[in-house]
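Novice: Sharing a structure below in structure tokens format, with a few things to ask.
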Amino acid sequence: MIRSHVLVCGGTGCTSSRSLALIDAMEREVASAGLSGEVKVVKTGCFGLCALGPIMIVYPEGTFYSMVKEEDVPEIVSEHLLRGRPVTRLVYGETLLPDGEVASLDDTGFYKKQMRVALRNCGRIDPEDITEYIAFDGYQALAKALTRMTPGEVIDVVKASGLRGRGGAGFPTGLKWSFAAAQPPGEKYVCCNADEGDPGAFMDRSILEGDPHALLEAMAIAGYAVGANRGYIYVRAEYPIAVKRLQIAIGQARDMGLLGEDIFGTGFSFDIETRLGAGAFVCGEETALIRSIEGHRGEPRPRPPFPAVSGIFGKPTVQNNVETYANVPRIILLGAEWFSAIGTEKSKGTKVFALGGHITNTGLVEVPMGTTLREIVEEIGGGIPHGKKFKAAQTGGPSGGCIPAEHLDIPIDYDNLTAIGSMMGSGGLIVLDEDSCMVDMARYYLDFTVDESCGKCTPCRIGTRRLLEMVERITGGNGKSGDIERMEELCRYIRENALCGLGQSAPNPVLSTIRYFRDEYEAHIHEKRCPAHVCKSMLAYKIIAEKCIGCTLCARVCPAGAIAGELKKPHVIDPEKCVKCGACYEKCRQGAIVKE
Amino acid sequence: MKSMEELNAARERARDGMWVRDDNFAGPRVRVSMGDCGIAAGARDVLDAFTQAIAAAKLEAQVLVTDCLGLCGQEPVAQILLPGKTPVTYGKVTRERAVEIVKRHLAGGRPVAEYTVAVRDEEEKA
Amino acid sequence: MDTVTIKINGMPLAVHKEMTILEAARTVHIEIPTLCYLKEINQIGACRICVVEVKGMRNLVSSCTYPVAEGMEIFTNTERVQRARRTTLELILSDHKRQCLSCIRSSNCELQRLCWLFGVDDETAYEGHMHEYSFDDSAMHMVRDNSKCILCRRCEAACARMQHVGVIGPNDRGFATHIGCAFDQNLGDVACVSCGQCIVVCPTGAIHERDQTQPVWDALGDPTKHVIVQTAPSIRATIGEAFGMPIGTDATGKMVAALRRLGFHGVFDTDFAADMTIVEEANELLGRVQKGGKLPLITSCSPGWVKYCEHYYPEFIQNLSTCKSPQQMFGAIAKTWYAKKRGLDPKDIFVVGIMPCTAKKFEISREHESAAGVPDVDVALTTREISRMIKRAGIEFTLLPDEDFDRPLGESTGAGTIFGATGGVMEAALRTAVYRITGDDGAPVDFVKVRGMEGVKEASYRVGEMTLNVAVASGLANADALLKKVKSGKKQYHFIEIMGCPGGCINGGGQPVQMAHVRNFTDLSALRASVLYNADVAKTIRKSHDNPVVVKLYEEFFDEPGSSLAHEMLHTRYKVRNHF
């Protein structure tokens, strides 16, 4: 009998910190300790607490180990698995009680306020083993839909659940399905947008890697609902683990007859193919994604017609993103009322956020809609490191905007975020502390959209570039009076005239930082000063003579030879030679070097 | 898969053993003291005997290992934790006794009084 | 109901429900400005010039793609719309080589026209990085200058959708997006067929023909040269447009007068050579039909089509007529028979072709196109180039008297004239073939089933003992579709006419450029073709074999159609060319 399961994260984050070697080591060590028949090592998807990877959970106790190295494995085996003594030095600190006992992960700040619906199986099952998915009620929703519900009833349940698209715009999913279902019978397609492109967002990747069958099941349900027999998953080639697991999952589902002909003996047939994207951000736009699937250059086209009417190869196509689909099996299984009881009035269910930036717990979190930004940042995220102050959070990636401290208590949902000038987007949530320059942040995101513009329409191709050049003039210390107004005007033009949603939302980072941090722009333009000391053109490093002890450390690390001074006498930085790399600032132990 | 029944049967098969990983597990548990004193007294064999007996009886039970429980004189020591019941501690457990404990206590619900060493006062949450 | 009721600028109107806003506005004579829009070929909403306001919509919408809907209220000229269009133009200008003073498209540039219309008086409203692209002048027929490209993608659409060639399209992305061949190869190194359709759809000076007017000026100024000019059948139907005359004006007489005033020593007609082509080609057809040669016989007068065949359908090379094109036959005759008659050394004769076509520039450089040991034709100019020469010479084209071609190479029949429109070669050939088969001089001359602007036409004619099955295709996408059917055996024909450009030479890549706001809502090809069919009817001689100069030429020189001398001088060869 297997008495213990050792779950090791095989998601991308932990894989990059060598979790696969950890799995090998664990299997070797378990065998040599004679525990092969008692302990099973399971490679799972992402647990969410990526900052602490590689992560390992030992069951039945549920002990949560973080940052485990290969050399720790013998100790875990001989101490924990054999003798029942958790290796406390590796146990995630928040679960370690003062008496040495190990508490449940669910009671930690990071997990306590989370509610896992879309991520329910991530980190819990082996994504490469369909039987584990089936053990946790996998494909029950498909069976229920196919054998006990009409397509119309399926759509009604999805509509009633209030599920909205998790990819960005938040369009009601059930409504989208009903449009495709209303098209005359014939060739139709179900498409999954797995071209996650927002910098910092990786929830879709996590689901693909950790629970691929949830996606397949949901797509089959969608196929049944709208009358489609074929599905495409457009996934970026930069997600090799996701691609591999998807392909394994599709193979296993076919082998078990959960994809293919006559599923559950109902006569309904459905199969899925993957299409690999080359990683263009714009291919996350639904019409560009369809063009790419068809084998063309990935460029958006004007809508209407919408994909539900004319999508892949001109056929009616339902397209949702991964996280949206991941909710569907639970909704079918537990009912629309269960789902719509979670969240706010117009935003139901949960939302996964990729927490990053200046925050303690970087990783993936799933919370009910309506959770406040403060709860996410301070409780789940564990606050801002080094005692710094919160300045803003950027949501919605390059299409979104910033949320300043004054809105920390706003319940997060689609409409609230839009109302304060940001957007849900796919759920990237980057926290910025007091040392961040908001003009530079706008420049960063705009630089991304300019680079990722497809180049089809004038406002995006040239307009965003000209906007970036204006922002760069400001961060470069060459801003002029009137620039803010000119930028606002150009932003409005781009928003109203660009062809696709990406172009239309490209000015958002600029508009929202002007809205909340106009004073920073003004300081850059009028005083030639970057209040956060980030913009290099306006930055000078200086040595405070009174504090300098003449240790020469700064002079030795300076790559430009810009620091001069005798031993034990105050040093001086030559501003002409200084390249503003900050090496001296980092090195000085006396706090004698300041940014001005 | 040609029917829901087929899927349900597959689910039942797949669930076998998955309770090990269940955070909300509410079934019976065996806890074997695997401190150095216990192992010296033969706890490794006892652990094997418990797992084998549970498997043979097709029981949904978790088997936990634990550090020395402080009853070194009674090793090998094992505890049976039934949901809602006070944990029962057995001492001088042998392979044979383990099989019997599984049969009578874990499966049957009645402690094997002759092998017990003490009964804790406080209710322990299963 | 097929109609919906909408309001445009407050005006109620009923329009077909499948119309776009742009089309609907046009029905009430409101021209919404466009740049990227080419009806049916390029409706991509990329440039955003055609944006309009729709009541209830947050953003402006591109009227070229947005369908009308019941109750829709549209505003085409609000301050918001005008400001947006102006900003779009300013942004385009901010990355456009503003060489407007001397640009080849100056005064005929769609961007320039819109900047003027919208009062874009500050061309530096948006300053920033400007691309500097190198010229692609690797192809014989045209030049591309991406620094004037506005990325409307009309060339891409013409190449891929109209012609099924698809050798140009966008490379890179975002601000770096630029039109080019795959992997930024040179146009001269890819399977471009030289049709020039990309040029006539380009709104700016980013793509234009290789200007070869200078060698012609030089020759005209060289006292040792005998410089003669031939004008292709379709030029007379289009050249007037370059001088502001209405589309569909027959300008034959003024064209001849203008060329004479430019100083050409002989102003001749390619129609004459077209008659020669018909006699040779009809002979070839009968030979193949009677002796079991390779069928269907496919015409070879369109060099864009010939190059397409060599690149994309090498299996049909055997089907191509070996006859040189009329341009080349003219040159061959001019430098042999005519030279002999005039006592001239062929080296001293400079033959200029005025062609509707950029592929003709390529054609003159082909192998086996030098009957007298020197190239049959020295320079092929497009209608646009000769128009520029006439303008530069200060010749007031529209005020010139009508004059007639010189003899002998200006003598032609109605059959030669209709060569310029799709179906014309077929009809001309049928006129002669029927005579050759039946010997009936009074047989009808009109074969109306092969006329008209449809992409593919088919007909069967009972001629003597046999039924002749023929097909006509114009535009290479149509040719592609037709050839696929022939290849698969679905269709069998004796004779096929293929023209590289849709509508035939009257819509060739060398013709005057009509701006999109005109061409989108005018049947250019039909209007221009009517000139040729009217001229045909007006002629007393309408069959090529009745052309007295043709008759005389055979008597004096070639002996008979298909003779060995005719083969040597008037026929050519083809070769397989790479696809990639």
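Novice: What is the pair-distance distribution P(r) of chain C, computed from all Cα-Cα distances in 10 Å bins starting at 0, with each bin given as a whole percent?
Specialist: Reading upward from the zero bin: 3, 17, 26, 25, 16, 8, 3, 0.
Novice: State log₁₀ I(q)/I(0) for the stretch C:2-76 at q = 0.15, 0.19, 0.27 Å⁻¹ as given by the Debye formula over alpha-carbon point scatterers of equal weight, solvent excluded.
Specialist: Values returned for q = 0.15, 0.19, 0.27 Å⁻¹ are -0.43, -0.70, -1.36.
Novice: What length, rounded to one decimal in nm, is gained on full extension from residue C:17 through to residue C:73, with 0.36 nm per residue of separation minus their alpha-carbon distance?
Specialist: Gain on extension, residue C:17 to residue C:73, equals 18.7 nm.
Novice: Compute log10 of I(q)/I(0) for the protein assembly as shown with the Debye formula, placing one identical point scatterer on every Cα and leaving out solvent, at q = 0.07 Å⁻¹, to two decimals.
Specialist: The computed values of log10 I(q)/I(0) come out as -0.87.
Novice: Separate question: Within chain A, which complete DSSP H helices have Cα atoms spanning at least 18 Å along the helix axis and a mean Kyte-Doolittle hydropathy of 0.0 or higher?
Specialist: Result, helices passing both filters: A:19-32, A:212-226, A:240-255, A:322-334.
Novice: Kindly provide the helix-only [θ] at 222 nm of chain C, computed as the sum of -39,500 (n - 2.57) over DSSP H runs of four or more divided by all residues, to the nearest 500 deg cm²/dmol?
Specialist: -9000 deg cm²/dmol
Novice: If you don't mind, another one. For the stretch C:218-362, with equal point scatterers placed on the C-alpha atoms only and solvent neglected, what are the log10 I(q)/I(0) values from the Debye formula at q = 0.09 1/Å, to two decimals?
Specialist: Ignoring solvent entirely, the Cα scatterers give -0.35.
Novice: If you don't mind, there's one more thing I want to ask. What are the extents of the Cα atoms of chain A along their three principal axes, in Å, largest first?
Specialist: Principal extents (Cα only, largest first): 86, 66, 40 Å.
Novice: Please report the equivalent ellipsoid semi-axes of the stretch B:7-79, computed as sqrt(5 x eigenvalue) of the Cα gyration tensor, largest first, in whole Å. Provide the component values of the computation, followed by the final result.
Specialist: Values: eigenvalues 169, 30, 13 Å².
In descending order the semi-axes read 29, 12, 8 Å.
Novice: Using only the alpha carbons of the stretch C:57-114, what is the convex hull's orientation-averaged projected area in square nanometres?
Specialist: Details: hull surface 21.8 nm².
For the Cα atoms of the stretch C:57-114, the hull's average projected area reads 5.5 nm².
Novice: Counting other Cβ atoms within 10 Å, keep those with at most 15, restrict to DSSP loop, and tell me which GluC sites (Glu not before Pro) in the stretch A:404-499 are left.
Specialist: Sites meeting the loop and neighbour criteria: A:434.
Novice: Further, regarding this structure: Averaged per residue, what accessible area in Å² does the stretch C:84-178 show with a 1.4 Å probe, protein chains only?
Specialist: 42 Å²
Novice: Next question, about the same structure. In percent, what relative contact order does the stretch A:359-455 have, based on Cα pairs under 8 Å that are 6 or more apart in sequence?
Specialist: Relative contact order of the stretch A:359-455: 29 percent.
Novice: Pull out a ≥ b ≥ c, the square roots of the eigenvalues of the alpha-carbon gyration tensor of the stretch A:388-470, then state rounded if a/c is under 1.5, prolate if not and a/b is larger than b/c, and oblate in the remaining case.
Specialist: Numbers: a/c = 2.69, a/b = 1.57, b/c = 1.71.
Taking the square roots of the gyration eigenvalues as a ≥ b ≥ c, the stretch A:388-470 is oblate.
Novice: Another question, if that's okay. Note down the net charge around residue A:343, summing +1 for each Lys or Arg and -1 for each Asp or Glu among other residues with Cβ under 15 Å from its Cβ.
Specialist: Its environment carries a net charge of +1.
Novice: Using 28 Å as the Cα-Cα cut-off, could you pick out the over-long pairs in A:69/A:388; C:360/C:490; C:307/C:484?
Specialist: In this structure, A:69/A:388; C:360/C:490 lie more than 28 Å apart at Cα.
Novice: A further question follows. Using helices alone, I'd like the mean residue ellipticity at 222 nm for chain A: each DSSP H run of four-plus residues gives -39500 (n - 2.57), total over residue count, nearest 500.
Specialist: That calculation yields -10000 deg cm²/dmol at 222 nm.
Novice: What do you get when you divide the Cα radius of gyration of the stretch A:1-47 by 2.2 N^0.38 Å, with N the number of residues?
Specialist: Dividing the Cα radius of gyration by 2.2 N^0.38 Å gives 1.16.
Novice: Now a separate question. What Rg and what Dmax come out for the stretch A:333-444 when only alpha-carbon atoms are used, in angstroms?
Specialist: 14.0, 47
Novice: Turning to a different aspect of this structure: What Rg and what Dmax come out for the stretch C:267-351 when only alpha-carbon atoms are used, in angstroms?
Specialist: So, for the stretch C:267-351, Rg and Dmax equal 15.1, 44 Å respectively.
Novice: Post the alpha-carbon centroid distance, the stretch C:461-486 to the stretch C:269-331, in whole angstrom.
Specialist: Their Cα centres are 14 Å away from one another.
Novice: Right, next: Pairing the Cα long axis of helix B:4-15 with the longest principal axis of chain B, what angle in degrees results, from 0 to 90 and rounded to the nearest 10?
Specialist: 20 degrees
Novice: What does the charge dipole of the protein assembly as shown about its Cα centre add up to, to the nearest 20 debye, if the Cβ of each Lys and Arg holds +1 and the Cβ of each Asp and Glu holds -1?
Specialist: Dipole size: approximately 860 debye.
Novice: Now a separate question. Kindly list the residues of the stretch A:161-183 that lie in the label zone of residue A:229, defined by a backbone N under 20 Å from the point 7 Å along the Cα-to-C-beta vector.
Specialist: Flagged as within label range: A:180-183.
Novice: Any idea what diffusion coefficient the stretch A:254-353 gets from Stokes-Einstein, in µm²/s, Kirkwood Rh on alpha carbon pairs, 25 °C, 0.890 mPa s? All intermediate terms of the calculation are to be shown ahead of the outcome.
Specialist: Numbers: Rh = 16.3 Å.
The Stokes-Einstein estimate is 151 µm²/s.
Novice: Let's test the formula: R0 of 30 Å, r as the Cβ-Cβ distance of residue C:446 and residue C:318. What FRET efficiency results, to the nearest 0.05?
Specialist: That pair, residue C:446 with residue C:318, gives E of 0.40.
Novice: Another question, if that's okay. Based on the Kirkwood radius over alpha-carbon pairs, what is the Stokes-Einstein translational diffusion coefficient of the stretch A:239-282 at 4 °C with 1.567 mPa s viscosity, in µm²/s? Please report the intermediate quantities before stating the final value.
Specialist: On the way: Rh = 11.8 Å.
Stokes-Einstein gives a translational diffusion coefficient of 109 µm²/s.
Novice: Right, here's the next one. I need to check one value: relative contact order of chain A, counting alpha carbon pairs closer than 8 Å and at least 6 residues apart, in percent.
Specialist: 11 percent
Novice: Please give the calculated 222 nm ellipticity per residue for chain B, where each DSSP H segment of at least 4 residues contributes -39500 (n - 2.57) and the sum is spread over every residue; nearest 500 deg cm²/dmol?
Specialist: Using -39500 (n - 2.57) per qualifying helix, the result is -8500 deg cm²/dmol.
Novice: Nearest 100 Å² is fine: how much accessible area is buried between C and A, summed over both sides, with a 1.4 Å probe?
Specialist: So the total buried area for this chain pair works out to about 2800 Å².
Novice: Counting heavy atoms of the protein chains only and a 1.4 Å probe, report the per residue accessible area for chain B as a whole number of Å². List each step's numbers first, then the result.
Specialist: Details: 6110 Å² over 126 residues.
For chain B, the solvent-accessible area averages 48 Å² per residue.
Novice: Which distance in nm do the two modelled labels at residue C:176 and residue A:89 give, with both placed 7 Å along the Cα-to-Cβ direction?
Specialist: In this crude spin-label approximation the distance works out to 4.9 nm.
Novice: In the stretch C:455-499, what chymotrypsin sites (Phe, Trp or Tyr not before Pro) fall in a loop by DSSP, with at most 11 other Cβ atoms inside 10 Å?
Specialist: Those that pass, being in a loop and sparsely packed, number zero.
Novice: Beyond a 25 Å Cα-Cα separation, which of these cross-linked pairs lie in this structure: C:457/C:487; A:159/A:351; C:543/C:575?
Specialist: C:543/C:575
Novice: What is the ratio of the Cα radius of gyration of the stretch C:423-580 to 2.2 N^0.38 Å, with N the residue count, to two decimals?
Specialist: My calculation over the Cα atoms of the stretch C:423-580 gives 1.19.
Novice: What does the structure give for B:19-30 when I average, per residue, the other chain Cβ atoms found within 10 Å of the residue Cβ?
Specialist: Mean shielding by partner chains, rounded to a whole number: 4.
Novice: What does the net charge come to around residue C:414 if you take all other residues with beta carbon closer than 14 Å to its beta carbon, with K and R at +1 and D and E at -1?
Specialist: Within the 14 Å Cβ shell, the charges total -3.
Novice: Another question, if that's okay. Just need the relative contact order of chain C here, percent rounded to a whole number, with Cα pairs under 8 Å and 6+ apart. Mind dumping the intermediate values first?
Specialist: Values: 1204 pairs, mean separation 94.1, N = 580.
Value for chain C: 16 percent.
Novice: Then there is this: Carbon and sulfur atoms: what percent of the 1.4 Å accessible area of chain B do they account for?
Specialist: Using a 1.4 Å probe with all protein chains present, chain B comes out at 49 percent carbon and sulfur.
Novice: Find the lysine pairs in chain B meeting two conditions, Cα atoms under 19 Å apart and a separation of 8 or more places or different chains, and report how many there are. Please report the intermediate quantities before stating the final value.
Specialist: Working: B:58/B:103; B:85/B:103; B:85/B:125; B:92/B:103.
The result is 4.
Novice: Right, here's the next one. What is the sum of charges around residue C:514, taking Lys and Arg as +1, Asp and Glu as -1, for the other residues whose C-beta is under 15 Å from the C-beta of residue C:514? List each step's numbers first, then the result.
Specialist: Working: positive: C:39, C:105, C:113, C:154, C:384, C:519, C:528; negative: C:31, C:110, C:241, C:523.
Once positives and negatives cancel, what remains is +3.
Novice: For chain C, the longest stretch holding no trypsin sites (Lys or Arg not before Pro) located in a DSSP loop with at most 11 other Cβ atoms within 10 Å is which?
Specialist: Counting only loop sites that pass the neighbour cut-off, the longest clear stretch is C:59-489.
Novice: What percentages, rounded to whole numbers, describe P(r) for the stretch C:516-570 computed over all alpha carbon pairs with 10 Å bin width beginning at zero?
Specialist: Per 10 Å bin, starting at 0, the Cα pair percentages come out as 20, 27, 21, 20, 11, 1.
Novice: Where the only charges are on Cβ atoms (+1 Lys, Arg; -1 Asp, Glu), what is the dipole of the stretch C:98-184 about its Cα centre, to the nearest 20 debye?
Specialist: The dipole magnitude comes to about 420 debye.
Novice: Using the scaling law 2.2 N^0.38 Å as the reference, what is the normalised Cα Rg of the stretch C:156-301?
Specialist: 1.41
Novice: Further, regarding this structure: Amide H to amide H under 5 Å from residue B:65: which residues, 5+ apart in sequence or cross-chain, H placed 1.01 Å off N in plane?
Specialist: Excluding prolines and chain starts, which carry no amide H, the hits are B:32.
Novice: Once label points are set 7 Å from the Cα along Cα→Cβ at both residue C:393 and residue A:560, what is their separation, rounded to one decimal in nm?
Specialist: Once both label points are built, they end up 6.7 nm from each other.
The values are calculated or read from the model by the stated rules, or taken from the named source; none is laboratory data. Note that the structure is predicted; figures quoted are calculated from it, not measured. Every residue, glycine as well, gets a Cβ built from its backbone with ideal geometry; the counts of neighbours run over all protein chains shown. Quick note on the areas: whole protein, heavy atoms, side chains included, nothing else; ligands and nucleic acids left out. Shrake-Rupley method; radii C 1.70, N 1.55, O 1.52, S 1.80 Å.
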